[in-house]
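These notes are about the structure you will find just below.
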């Protein structure tokens with residue numbers, strides 16, 4: 001038996017362990033000084049706690065505590081916070097519009113042009129990632145199939161140490177191919 005869980009120690013002290021488990025615990029306590037010390041310490045703590053006088057809470061305890069706690073601050077309604085936020089946003093937007101010297105239509109067109117460019121870049125990036133993943137999958141699949149065929153034939157011809165070296169070289173080859181593919185399909189290349 002390994003050292004006793006703390007819950008078992010408390011159950012043992014309080015006499016709540018089943019008979020079989022209690023016998024196991026007593027057998028373990030005979031050979032384990034650490035658990036024996038833990039049981040003795042908890043027995044001393046329980047004895048000290050039981051010797052304390054009982055504490056009676058006064059009837060008006062809750063009222064006295066609650067009177068010392070300050071009144072809760074009034075909360076603003078949610079709709080008022082939203083209205084204040086929107087009006088601040090509108091004022092900030094107006095100041096930015098006046099400071100820029102452009103009209104609202106010019107700013108909107110500039111923003112939509114930028115968003116369109118971001119969307120095009122994201123589409124190109126997504127296409128490159130899909131192509132990279134497809135090529136990587138095909139390359140790894142063919143390498144693994146070839147390696148499996150070669151290893152099944154080479155198992156009877158090559159020593160285990162040489163086989164481990166070959167596996168290491170194949171791993172380096174696969175990682176090198178993945179890095180080369182990453183350089184080939186970089187973010188800045190045009191198709």
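The values are calculated or read from the model by the stated rules, or taken from the named source; none is laboratory data. This structure is a prediction, so every number in the text was calculated from the model and none was measured. Ideal geometry is used to build each Cβ from the backbone, glycine not excepted, and the neighbour counts take in all protein chains shown.
Only a single item in (1) closer than 20 Å to residue 171 by Cβ; (2) under 32 Å from the mean Cα position of the chain (by Cα); (3) surrounded by fewer than 12 Cβ atoms within 10 Å (Cβ to Cβ) is not met by residue 122, and it is number (1).
Pairs linking a residue in the stretch 1-24 that is under 23 Å from residue 45 (Cα atoms) to a residue that is modelled with pLDDT under 85 and part of a loop (DSSP other than H, G, I, E, B), with Cβ atoms under 8 Å and 6 or more positions apart or on different chains, are 12/4. Only one of the listed residues (100, 88) is surrounded by 10 or more Cβ atoms within 10 Å (Cβ to Cβ) and modelled with pLDDT of 80 or more. That residue is 88. Assigned to a helix (DSSP H, G or I), at pLDDT below 75 and surrounded by 10 or more Cβ atoms within 10 Å (Cβ to Cβ): is that true of residue 107 in this structure? Taking the combined requirement at face value, the residue satisfies it.
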